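Step one of this worksheet: look at the structure below.
The values are calculated or read from the model by the stated rules, or taken from the named source; none is laboratory data. Worth saying up front: this structure is predicted, and the values here are computed from it rather than measured. Cβ: placed from backbone, ideal geometry, glycine included. Neighbour counts: every protein chain shown. Calculation scope for accessible area: heavy atoms of the full protein, side chains included, ligands and nucleic acids excluded. Shrake-Rupley method; radii C 1.70, N 1.55, O 1.52, S 1.80 Å.
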Amino acid sequence: MLSFPPLLHQFKTKKNEVFKIKLLGLALLAMALFTACDKDDEDKSPGVEIVDFGASPSASIITTGEVSVITENTARFHTFNFDVAPYTVTIVETKNKVVVVNLGPAPVFAAELKTYIDEINKPGAVIITHNHGDHYGGAGSFTDWDIYAETTVANQLNGTEDFTNVYPNNVIGVSGNQIIGELEFSFNKVSNAETGENGYFFNEEHKIVFPGDLVYNLTHIYLREYTPNDGEDEIDNWIAGLNLLKTEFSTYNHLFVGHNGSRSDVTVVIEENIDYLMNAQAILKGNQQLTNGGSATTQQEVVDELLLLYPNYKVGGLMLSLPDAFFPGDPGADWF
């Protein structure tokens, strides 16, 4: 018969071995669960792609204006305001390419812009929003790049001698969607508003919209082509177009305009433009008295009143409605 102490020792030894085996089993189970959970987390959150753009080119390159930069995960936006108007150019930079939106009014601006882009050192293309010289004047610096525009705007540019003199290639017309650079852009237009054909385009992935001169940012609007006595009311068309943009892009992140940079409060800036246009229309039609009394009967009175109503706005294109604006003897806007 075994004595009690050896039996007790044997029991304790077996108990410890069982305990150790249980601990090992629990550890393996925990590791398996952790690995499974970790894999589930990876499957649910694959991670956000982030492009390392490096440092932006020096802002000191732009001596004729100012530059601001917005960097997001896979896109970087460089916005330039040249001169007092101000004329705005925007670069959309992705991992491997750039897209330049509009080119400013003058070769001197474009030369600085080209130097800045050369520092980014990526191939690119250009998009022009509409057929006004202050948005294509710098095209001569980009003759080795493709230029795109909404189809009707492209046809206008290709038939405009001032443009073809500086850019000998055909502008590529786009109706609907087109991949330019590394992004898919959708093109559309509003007719008979700020000018005959106002192209605009957007990218749904980054929620960015480029309305050209359909939207101004805290800048006096170009009203030269408004002809209230010629039947179709361009401001009515313009406001209808703005309401469409407000509905379509109210949730977008950035709106890059043709004059004075960009805004992230898309709905607010569009409503500011509607307010401005409604005041201008009422003044021009004699439905709204001037601050100092009476109704406007000259271009100068309209300009003075809008300057009074919007004292913090940049000059913009409003002055181009005055007599002698484009050449000696120029009669000015056909408002009355």
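Once segment 190-210 is narrowed to residues that are among the charged types (D, E, K, R) and under 24 Å from Glu49 (Cβ atoms), the residue that is least open to solvent (accessible area, probe 1.4 Å) is Lys207. Of all residues in segment 302-324, at least one satisfies being open to solvent by 30 Å² or more (accessible area, probe 1.4 Å), modelled with pLDDT of 95 or more and at positive phi. Of the residues making up segment 134-151, just one is of a type in the set (Val, Ile, Thr) and more than 21 Å from the chain's Cα centre (by Cα), namely Thr143. Taking the conditions exactly as written (among the charged types (D, E, K, R) and either free of Cβ contacts under 8 Å to residues at least 40 places away in the same chain or surrounded by 22 or more Cβ atoms within 10 Å (Cβ to Cβ) (or both)), does Glu182 satisfy them or not? No; evaluated as a whole, the condition is false for this residue.
Consider segment 227-267 and keep the residues that are in contact with a strand residue (DSSP E or B) (Cβ under 9 Å, 6 or more places away or on another chain) and on the phi > 0 side of the Ramachandran plot. The one that is most open to solvent (accessible area, probe 1.4 Å) is Asn260. The residue of segment 229-253 that is nearest to Ser264 (Cα to Cα), among those that are at pLDDT 95 or above and outside any helix (DSSP H, G or I), is Asn253. Does at least one position in segment 273-282 carry a residue that is in a loop (DSSP other than H, G, I, E, B), closer than 30 Å to Pro331 by Cβ and modelled with pLDDT of 95 or more? No, segment 273-282 contains no residue that is in a loop (DSSP other than H, G, I, E, B), closer than 30 Å to Pro331 by Cβ and modelled with pLDDT of 95 or more. Can you tell me which residues in segment 268-283 are open to solvent by 60 Å² or more (accessible area, probe 1.4 Å) and among the β-branched types (Val, Ile, Thr)? If the condition is that a residue be open to solvent by 60 Å² or more (accessible area, probe 1.4 Å) and among the β-branched types (Val, Ile, Thr), then Val268 is the only one that fits. Looking across segment 211-223 at every residue that is in a loop (DSSP other than H, G, I, E, B) and over 15 Å from the mean Cα position of the chain (by Cα), the one that is surrounded by the fewest Cβ atoms within 10 Å (Cβ to Cβ) is identified as Leu218.
In segment 285-320, the qualifying residues are those that are of a type in the set (D, E, K, R) and not in a loop (DSSP other than H, G, I, E, B), and the one that is nearest to Pro228 (Cα to Cα) is Glu301.
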